[in-house]
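> Handing you this structure, nothing more for now.
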Ligand SMILES: Nc1ncnc2c1ncn2[C@@H]1O[C@H](COP(=O)(O)OP(=O)(O)OP(=O)(O)O)[C@@H](O)[C@H]1O
């Protein structure tokens, strides 16, 4: 579904990812793990198009997408939930949700939020008219994921969705991830520090260090030690 070949990207001042290659298949949850500052967020931003590709290729469903704008990538079926959620505090929950399909062509934008999305996050249904800023961190994270689902993605990028979230909401998000893959056939790239969560939710793991993949493998208990070893180097 998504293939990254020899990607080099970063910021004006510095190249962060070098010679990074990875693959995500249909109906798969792929976890990206690595110590702080190794380039995980940079990778997510380059897949959605918020950062330019210096060299290499990002191909989605056998088509090069690295020259496309972010809104074009959303139309192709990719959605991004950024670290820190980026909820609009002064807009209602409903208006925050509707912004999720703003990149779609006008005839494909819905003025309503589907029951399917609301049933994944029942608390949002009760809070549609409340301001985004009134929500707790865990509720905002649910809102950010629900907003991304408004564009009907086939590939969802989640950048540390469990960060700073209470355990009951972490459980809910883990179960939503599994449901999205099983019932909607979505693929997910999950940036996550916690290996328990990774082994519970993901199928495959890439460990990144200094801007490139240093090891990879099935997200199994047997492979945990290998991942841990590479995370402390
Ligand atoms: N806007 C920016 N301009 C220049 N350099 C940046 C910018 N944002 C991040 N960087 C640098 O890019 C490198 C990778 O950062 P990135 O946020 O991708 O790491 P990360 O693995 O997601 O870290 P964390 O686990 O802390 O979220 C770091 O050295 C960081 O300082």
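The values are calculated or read from the model by the stated rules, or taken from the named source; none is laboratory data. Worth saying up front: this structure is predicted, and the values here are computed from it rather than measured. All Cβ positions, even for glycine, are placed from backbone atoms using ideal geometry, and neighbour counts span all protein chains on display.
Quick grid of which residues meet (1) in contact with a helix residue (DSSP H, G or I) (Cβ under 7 Å, 6 or more places away or on another chain); (2) within 16 Å of the ligand (Cβ to nearest atom):
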residue: 38; (1), (2): no, yes
residue: 44; (1), (2): no, yes
residue: 50; (1), (2): yes, yes
residue: 56; (1), (2): no, no
residue: 65; (1), (2): yes, no
residue: 71; (1), (2): no, no
residue: 74; (1), (2): no, no
residue: 89; (1), (2): yes, no
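> Would you please name the residue that is surrounded by the fewest Cβ atoms within 10 Å (Cβ to Cβ), looking only at residues in region 46-92 that are in contact with a strand residue (DSSP E or B) (Cβ under 8 Å, 6 or more places away or on another chain) and closer than 14 Å to residue 135 by Cβ?
Among those that are in contact with a strand residue (DSSP E or B) (Cβ under 8 Å, 6 or more places away or on another chain) and closer than 14 Å to residue 135 by Cβ, it is 90.
> Moving on to the next point. Filter region 93-128 down to the residues that are modelled with pLDDT under 90 and in a helix (DSSP H, G or I), then identify the one that is surrounded by the most Cβ atoms within 10 Å (Cβ to Cβ).
Going through the qualifying residues, I end up with 101.
> For region 5-51, how many residues meet the condition of being within 16 Å of residue 208 (Cα to Cα), outside any strand (DSSP E or B) and within 13 Å of the chain's Cα centre (by Cα)?
Here the count works out to 8.
Every residue, every condition in (1) within 13 Å of the ligand (Cβ to nearest atom); (2) without any contact (Cβ under 8 Å) to a residue 60 or more places away in the chain; (3) in contact with a strand residue (DSSP E or B) (Cβ under 9 Å, 6 or more places away or on another chain); (4) in a strand (DSSP E or B), yes or no:
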{"position": "170", "(1), (2), (3), (4)": "no, yes, no, no"}
{"position": "174", "(1), (2), (3), (4)": "no, yes, no, no"}
{"position": "179", "(1), (2), (3), (4)": "no, yes, no, no"}
{"position": "193", "(1), (2), (3), (4)": "yes, no, yes, no"}
{"position": "196", "(1), (2), (3), (4)": "no, yes, no, no"}
{"position": "206", "(1), (2), (3), (4)": "yes, no, yes, yes"}
{"position": "217", "(1), (2), (3), (4)": "no, yes, yes, yes"}
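> Identify, from the list 29, 16, 33, 81, the residue that is at pLDDT 95 or above and more than 16 Å from the ligand (Cβ to nearest atom). Reasoning before the result, please.
On the way: 16 fails: more than 16 Å from the ligand (Cβ to nearest atom); 33 fails: more than 16 Å from the ligand (Cβ to nearest atom); 81 fails: more than 16 Å from the ligand (Cβ to nearest atom).
Going through 29, 16, 33, 81 in turn, just one is at pLDDT 95 or above and more than 16 Å from the ligand (Cβ to nearest atom): 29.
> Now, a different point. If residue 183 passes every condition in (1) in a helix (DSSP H, G or I); (2) within 25 Å of residue 109 (Cα to Cα); (3) under 14 Å from the mean Cα position of the chain (by Cα) but one, which one does it miss?
Unmet condition: (3).
> Kindly indicate the residue of region 219-233 that is in contact with a strand residue (DSSP E or B) (Cβ under 9 Å, 6 or more places away or on another chain) and within 16 Å of the ligand (Cβ to nearest atom) and also modelled with the lowest pLDDT among those meeting that condition.
Ranking the candidates gives 233 first.
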